[in-house]
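Comments concern the structure below.
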Amino acid sequence: MSYVTDYLKLYDDGKVVWNKERIQLAEYVRKNILDNDELYFDERKIDNFVGFTEKWFFPLQPFQKFLASFVFLYRKADDTAFYRDFLWMMGRGAGKNGLISAISAFLISELNGVQAYDGSIVANSEDQAKTSVVEVSNVVHSHPDPLERAFYATSTLVRSRATNSVLKYRTSNGNTKDGLRDGFVIFDEIHEYHDASNVNVHISGLGKKLPPRVFYIGTDGYVRDGFIDKLKARAARVLEGKAQPDLIFPWICKIDEEDEADDPKMWEKANPMLSKPLTPYAKGLYKEIERQFNELSENPSGKEEFMTKRMDYPSQSQESSVAPWEEIAATNQPIPDNIEGRQAIGSVDFATTRDFMAAAVTVKYGDKLVTMEHQWATKVFVDRQYQYSRKDYGEAKPNQRLHIPIADWEEKGLLTIVRAPILDPKDALNWMGEMRQRFNIVEVVMDNYRASIMRAMFEEASFEVSIIRNPTAIDGLLATVIDNGFPNRRFIWGDNPLLRWNTNNVLVKIDGRGNKQYLKKEEIRRKTDGFKAFEYTLYSIDKISDQDVSGSLDMLAGLNF
């Protein structure tokens, strides 16, 4: 317990700089752990771990001793481990992998003393997954007496001779399902996972060997609405007292505000290795971060990488994104039940008929705007860009930035995959016809290019069509509505991860006149058709009422003039 109280005292004495989540963690630890007479730290194992690590691996920093202590926290009643899951998020260079290497070696060793307590390290690439196994192996071979008598070590596995416990690595493709009887599993590069499918494969054998432990380590990343966001939400519930204290151990290091990246004194919020006094390693790390920061003046395009990986704070710049991710995620509000019969604005958008097409309707609901959408994509395109037809899709190795779950969105009914080589605009027309059964669609908005293909068929179906003559110009006109709507939670989209993905793909540029333009962050794979369809509905939104007018229309239709 002394390592825990010592680290908390560093903050109390003003010797370290913490971010909001670590300040919350201190309060949480004092309330739920230190003041809980039903729990105990196994101080003998903690001291053994510290001695083992500092003798054979490296000197431990106070925050590392703090983290390790909670691995050996138990309930007095039955001596079961208090935590199964650990979330360690820190900026790049904070020594996550080194600490994991030392903990892995200790857990399989006779100092931990659990027979056949196997462990796996899982990452998206073989090189990354092997990092800790190779590091432990190198330490063993660097100290043949006594470590080679204690461990058998190769570049692929490390085995304790006393406990017959094995440390191995796995890649996250989920195909290595053999022998899943691990005592502990470590997931590296968690920012790259879109969902929990691969995680579930690798933890399926936990519990057969006690105590089970799962470590999730990494920095933040570029995949939004994915696995790491759900882990962060789970951690937030624990820190806020809205979930059971033992749900997960929540260690999150990041800057609190974007402009703190400009103040080197705040960098240790994201990277506790930078707390003073700096070790020789930390001095070199600081110089490297400083060099990357200074280069941003010459290479502003590197800011997203710097913010995400060094500051553990994905860039929220309004000059690069439509809105911060948490505001985009806030559109996940249930579609109200009582909106049938209201006036609506419809829209259609697509870049070409060979990839994606989107159709949308928006209705007013008090001061909220409710948008419903459907999209279509050609199978040829989604196969080529997102490996849609892979038989092992659900377990496939996720792409670092753009693992796109097309099949999941199709299953949710948000997307239709078209087997023909090109999209048929009649699909959008038919969908709009279905929406007309629910709403009084006042106009269908499209731009000049789409109108040349679709206007006639919509008008023949008795839709009023409104044409946007200069699509680029309306970005600036509608920016006020969009900039106001996201932070004020005005947009209701239901659970539509496809539209949220579209929106997060939008690049905001400001022209020489100060007008915003909504472009693409990446031309081919990061589709924005759904966002543009949503935006086009706002073009005529002032033409509709927020009242249900269906009853009035029925009454008028029944009058004999």
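The values are calculated or read from the model by the stated rules, or taken from the named source; none is laboratory data. Model, not experiment: these values are computed from the prediction. Every residue, glycine among them, receives a Cβ derived from its backbone with ideal geometry; neighbour counts consider all protein chains shown.
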Would you point out the residue of the range 489-514, among those that are within 22 Å of M446 (Cβ to Cβ) and in a loop (DSSP other than H, G, I, E, B), that is farthest from the chain's Cα centre (by Cα)?
-> W493
Select the helices (runs of 4 or more DSSP H) contained entirely in the range 220-298, then report the ones holding at least 2 residues which are in the same structural domain as M89 (by TED's automatic domain parsing) and farther than 18 Å from M90 by Cβ.
-> 227-239
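It is to be established whether one or more residues within the range 464-472 are within 34 Å of the chain's Cα centre (by Cα) and either exposed (fewer than 15 other Cβ atoms within 10 Å of the Cβ) or at pLDDT 95 or above (or both).
Initially, the range 464-472 is screened for residues within 34 Å of the chain's Cα centre (by Cα), giving 471-472.
Now restrict to residues that are either exposed (fewer than 15 other Cβ atoms within 10 Å of the Cβ) or at pLDDT 95 or above (or both): 472.
Yes, the conditions are met somewhere in the range 464-472.
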Filter the range 187-199 down to residues that are over 11 Å from the mean Cα position of the chain (by Cα) and part of a loop (DSSP other than H, G, I, E, B), then give me how many there are.
-> 3
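Yes or no, residue by residue, for (1) surrounded by fewer than 21 Cβ atoms within 10 Å (Cβ to Cβ); (2) in contact with a strand residue (DSSP E or B) (Cβ under 7 Å, 6 or more places away or on another chain); (3) aromatic (F, W, Y); (4) at negative phi:
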| position | (1), (2), (3), (4) |
| --- | --- |
| V17 | yes, no, no, yes |
| I23 | yes, no, no, yes |
| Y28 | yes, no, yes, yes |
| E38 | yes, yes, no, yes |
| D78 | yes, no, no, yes |
| S101 | no, no, no, yes |
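When the range 19-61 is examined, which residues are found to be polar (S, T, N, Q) and either touching a Phe, Trp or Tyr at 6+ places or on another chain (Cβ under 8 Å) or under 18 Å from L239 (Cβ atoms) (or both)?
We begin by selecting, within the range 19-61, every residue polar (S, T, N, Q); these are 19, 24, 32, 36, 48, 53, 61.
Across the range 19-61, the qualifying residues are N19, Q24, N32, N36, N48, T53.
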Qualifying residue in the range 541-551 (condition: in a helix (DSSP H, G or I), buried (at least 16 other Cβ atoms within 10 Å of the Cβ) and at pLDDT 95 or above) | yes
Quick one: count up the residues across the range 22-70 that are over 29 Å from the mean Cα position of the chain (by Cα) and not in a helix (DSSP H, G or I).
-> 12
Every residue from the range 200-212 that is under 22 Å from the mean Cα position of the chain (by Cα), in contact (Cβ under 8 Å) with a residue 24 or more places away in the chain and under 20 Å from S101 (Cα atoms) | H202
Out of all the residues in the range 112-158, which are in a helix (DSSP H, G or I), out of contact with any strand residue (DSSP E or B) (no Cβ under 8 Å at 6 or more places or on another chain) and surrounded by fewer than 17 Cβ atoms within 10 Å (Cβ to Cβ)?
-> D127, N138, S142, P144, D145, P146, E148, R149
May I ask you to verify whether G530 is modelled with pLDDT of 95 or more and in contact with a helix residue (DSSP H, G or I) (Cβ under 7 Å, 6 or more places away or on another chain)?
-> yes
State all residues of the range 398-444 that are aliphatic (A, V, I, L, M), modelled with pLDDT of 95 or more, within 34 Å of the chain's Cα centre (by Cα) and assigned to a helix (DSSP H, G or I); if no residue qualifies, say none.
-> A428, M432, M435
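Taking the stated definitions as given, is K276 over 18 Å from the mean Cα position of the chain (by Cα), among the basic types (K, R) and on the phi < 0 side of the Ramachandran plot? Lay out the reasoning, then the answer.
Values: over 18 Å from the mean Cα position of the chain (by Cα): yes; among the basic types (K, R): yes; on the phi < 0 side of the Ramachandran plot: yes.
Yes, satisfied.
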Within the range 329-345, identify whether any single residue is β-branched (V, I, T), crowded, with 16+ Cβ neighbours inside 10 Å, under 25 Å from W88 (Cα atoms) and touching a residue at least 24 places away in the same chain (Cβ under 8 Å), and answer yes or no.
-> no
Any idea which of (1) surrounded by fewer than 16 Cβ atoms within 10 Å (Cβ to Cβ); (2) of a type in the set (K, R); (3) touching a helix residue (DSSP H, G or I) at 6+ places or on another chain (Cβ under 7 Å) is the one K65 doesn't satisfy?
-> (1)
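Any idea which of D337, D349 is acidic (D, E), assigned by TED's automatic domain parsing to the domain that holds G413 and assigned to a strand (DSSP E or B)?
Working: D337 fails: assigned to a strand (DSSP E or B).
None of the others qualify; the one that does is D349.
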